[in-house]
Amino acid sequence: GAVVSQHPSRVICKSGTSVKIECRSLDFQATTMFWYRQFPKQSLMLMATSNEGSKATYEQGVEKDKFLINHASLTLSTLTVTSAHPEDSSFYICSAQEGPQYEQYFGPGTRLTVT
Amino acid sequence: KQEVTQIPAALSVPEGENLVLNCSFTDSAIYNLQWFRQDPGKGLTSLLLIQSSQREQTSGRLNASLDKSSGRSTLYIAASQPGDSATYLCAVRREYSGYALNFGKGTSLLVTP
């Protein structure tokens with residue numbers, strides 16, 4: 001299957017700082033990328049849908065000014081958590097697909113810890 | 001709003017047993033359904049994908065069925081092994097809004113030697 005990478009795999013930051021997470025499709029062009037977050041022992045919750053070259057669509061309850069998503073190329077999307085707080089600590093996973101009806105491929109996830 | 005429910009939440013079985021994991025969803029307007037495996041602290045591994053027009057898919061010891069009209073899917077694992085211990089997630093793909101996935105909370109499986 002296709003490969004999606006995420007960087008970093010783990011990050012620890014201090015409260016009030018911002019952190020950027022990258023999601024890359026390595027061997028295909030992703031017109032759409034998705035960002036999910038997962039709390040301990042909980043399922044994945046969709047945060048936003050990102051289409052290349054356009055603004056991301058955020059799910060209800062997700063603060064778009066806090067979770068900045070950029071999808072500037074067909075192989076890269078970034079999620080920036082701005083002014084992070086301890087409650088933002090979570091496991092963030094991205095996925096990518098070539099088109100609306102293509103299979104989604106998931107990255108390995110990024111563990112964010114805000115101290 | 002699509003809601004995906006997985007039963008049981010946790011399951012412990014001795015090695016060699018056959019087992020069934022259940023998934024139900026409230027909105028039958030799905031594009032496909034997918035079963036994933038997640039090991040602790042890790043990402044997702046896709047196990048089986050069933051298109052909405054299909055009834056089942058098989059891969060090795062795994063068999064997944066889909067009854068779209070009743071909003072149900074099952075994942076059957078034959079001859080379970082300790083290496084099967086993980087959390088199994090069911091996800092349905094929407095027919096709209098970019099075809100994002102809605103996940104259940106998962107079934108945590110422990111297979112004891």
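Of note:
- Taking other C-beta atoms within 10 Å as the exposure proxy, A:3, B:13 rank A:3, B:13 from fewest upward.
- Among the chymotrypsin sites (Phe, Trp or Tyr not before Pro) in region B:17-113, those located in a DSSP loop and surrounded by at most 12 other Cβ atoms within 10 Å of their own Cβ are B:96.
- Chain B - percent relative contact order, Cα under 8 Å, separation 6 or more: 37
- Loop sites in region A:43-114: GluC sites (Glu not before Pro), DSSP, at most 13 other Cβ within 10 Å: A:63
- Leading residue at positive end of dipole, chain B (Cβ point charges), from B:19, B:112, B:88: B:88
- Put a plus charge on the Cβ of each Lys and Arg, a minus charge on the Cβ of each Asp and Glu, and nothing anywhere else: the dipole of the protein assembly as shown about its Cα centre is then about 340 debye.
- Charges were assigned to the Cβ only: +1 to each Lys and Arg, -1 to each Asp and Glu. The resulting dipole of chain B about its Cα centre is roughly 260 debye.
- For residue B:68, the lysines whose Cα falls under 29 Å of its own Cα, not counting residues fewer than eight places away in the same chain, are A:41, B:1, B:105.
- Extension gain, residue A:83-residue A:14: 0.36 nm per intervening residue step, less the Cα-Cα distance, totals 23.9 nm.
- Note on residue A:64: aspartates and glutamates with a C-alpha under 14 Å away, same-chain residues under 8 apart excluded, are A:88.
- The residues packed around residue B:78, meaning those with a beta-carbon under 15 Å from its beta-carbon, carry a net charge of -3 if Lys and Arg are +1 and Asp and Glu are -1.
- Lacking any other cysteine beta-carbon closer than 4.7 Å, the following Cys residues of the protein assembly as shown have no compatible partner: A:13.
- Cα-centred dipole magnitude for chain A, charges only on beta-carbon of K, R (+1) and D, E (-1), debye, nearest 20: 380
- Figure legend: label point modelled 7 angstrom from the Cα of residue A:102 along Cα→Cβ; residues of region A:20-50 with amide N under 16 Å from it are A:24-34, A:50.
- Taking the number of Cβ atoms within 10 Å of each Cβ as an exposure proxy, the fewest-first ranking of A:36, A:102 is A:102, A:36.
- With a cut-off of 9 Å between beta carbons, the residues surrounding residue B:33 carry a summed charge of +2, where Lys and Arg count +1 and Asp and Glu -1.
FYI, it's all coordinate maths here, none of it is from the lab. Everything numeric here is computed off the predicted structure, so don't read it as measured data. Here the Cβ is made from the backbone with ideal geometry for all residues, glycine too, and neighbour counts use every protein chain on show.
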